[in-house]
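The values are calculated or read from the model by the stated rules, or taken from the named source; none is laboratory data. Since the model is a prediction, treat every value here as computed from it, not as a measurement. Positions of Cβ are generated from backbone atoms using ideal geometry, with glycine treated the same way; all protein chains shown enter the neighbour counts. Side chains are part of the model used for accessible areas, which takes the heavy atoms of the whole protein and leaves out ligands, DNA and RNA. Shrake-Rupley method; radii C 1.70, N 1.55, O 1.52, S 1.80 Å.
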Amino acid sequence: GYLSGAADGVWHTTGPYGGSVHALEVYEAAPSTLYAGGSAGVFRSVNGGASWQRKDVGLPQSLYVMDLATSTNAPVLYAARVDRVYRSGNAGDFWVPLAALPPDTYMNQIAVRRGTSNDVALATSNGILVSDDGGSTWSGPGATAAGTIAQVAWLADGTLYAAVQYPDPAYFAGALVLRSVDGGASWSAL
């Protein structure tokens with residue numbers, strides 16, 4: 001849950017209650033709006049974490065949220081479980097499932113390109129998947145199919161960075177970090 005300092009050396013929680021939290025996002029356009037996701041689904045706070053509301057209309061009952069990502073310029077939010085990604089275009093009030101991931105592909109982390117709401121990248125067990133249409137379609141994994149990608153970051157200029165979890169010397173000389181300057185079409189080692 002969200003912890004805040006009650007006094008020096010003392011913490012207290014105001015929720016969300018119902019399970020462990022694995023992802024926390026701040027909506028930059030309204031910094032007092034927070035999203036938390038985990039074993040009990042998705043929760044939203046509009047008052048800096050003082051109170052929380054479950055936001056699960058359209059989500060499956062057994063949703064275990066692995067990661068959350070927000071757009072920096074619109075109330076668009078993505079919630080990902082291990083094998084599916086969901087999108088809300090209205091700050092979490094209603095969710096829709098996005099295109100299915102390829103078979104035997106498991107999601108680790110999601111990133112939205114800064115300044116956009118439709119450019120999305122997924123770090124998966126089989127490389128990076130990229131969408132420029134809000135997750136309606138996925139492309140990739142391309143050259144990053146070399147292994148499990150643990151993290152992905154997408155900058156406003158379109159540069160993608162990927163952290164390789166188990167580097168293989170046969171791909172990119174075993175590099176731990178990869179970079180793409182063309183939206184994931186090609187990659188190079190750092």
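Take Arg44 and tell me if it is among the basic types (Lys, Arg) and modelled with pLDDT of 90 or more. Spelling it out, Arg44 is indeed among the basic types (Lys, Arg) and modelled with pLDDT of 90 or more. Scanning segment 104-132 for residues that are part of a loop (DSSP other than H, G, I, E, B), more than 18 Å from Ser188 (Cα to Cα) and of a type outside the set (Lys, Arg) yields Asp104, Thr105, Tyr106, Gly115, Thr116, Ser117, Asn118, Asp119, Ser125, Asp132. None of Leu59, Leu63, Leu101 is without any contact (Cβ under 8 Å) to a residue 24 or more places away in the chain, assigned to a loop (DSSP other than H, G, I, E, B) and open to solvent by less than 40 Å² (accessible area, probe 1.4 Å) except Leu63. Here the condition is being surrounded by 22 or more Cβ atoms within 10 Å (Cβ to Cβ), free of Cβ contacts under 8 Å to residues at least 24 places away in the same chain and within 17 Å of the chain's Cα centre (by Cα); of Val120, Val164, it holds for Val164 alone. Within the set Gly183, Gly135, Gly158, the sole residue that is farther than 19 Å from Leu101 by Cα, assigned to a loop (DSSP other than H, G, I, E, B) and either open to solvent by 50 Å² or more (accessible area, probe 1.4 Å) or not hydrophobic (A, V, I, L, M, F, W, C) (or both) turns out to be Gly158. Being over 26 Å from Val152 (Cα atoms), part of a loop (DSSP other than H, G, I, E, B) and either among the charged types (D, E, K, R) or in contact with a strand residue (DSSP E or B) (Cβ under 8 Å, 6 or more places away or on another chain) (or both) is the filter here; which residues of segment 47-56 pass it? The answer is Gly48, Gly49, Ser51, Trp52. Look at (1) open to solvent by 60 Å² or more (accessible area, probe 1.4 Å); (2) of a type in the set (D, E, K, R); (3) in contact with a Phe, Trp or Tyr (Cβ under 9 Å, 6 or more places away or on another chain) and you find that Glu28 fails only one, number (3). For segment 144-155, filtered to residues that are assigned to a loop (DSSP other than H, G, I, E, B) and at pLDDT below 90, the residue that is most open to solvent (accessible area, probe 1.4 Å) is Thr148. Scanning segment 75-85 for residues that are open to solvent by less than 20 Å² (accessible area, probe 1.4 Å) and not β-branched (Val, Ile, Thr), we see that the one that is modelled with the lowest pLDDT is Ala80. Filtered by the rule that a residue be open to solvent by less than 30 Å² (accessible area, probe 1.4 Å), assigned to a loop (DSSP other than H, G, I, E, B) and either under 18 Å from Tyr27 (Cβ atoms) or charged (D, E, K, R) (or both), segment 86-98 gives Ala91, Gly92, Trp95.
Which of (1) farther than 20 Å from Ser117 by Cβ; (2) in contact (Cβ under 8 Å) with a residue 40 or more places away in the chain does Ser20 not meet, given it meets every other one? Of (1) farther than 20 Å from Ser117 by Cβ; (2) in contact (Cβ under 8 Å) with a residue 40 or more places away in the chain, only one is false for Ser20: (2).
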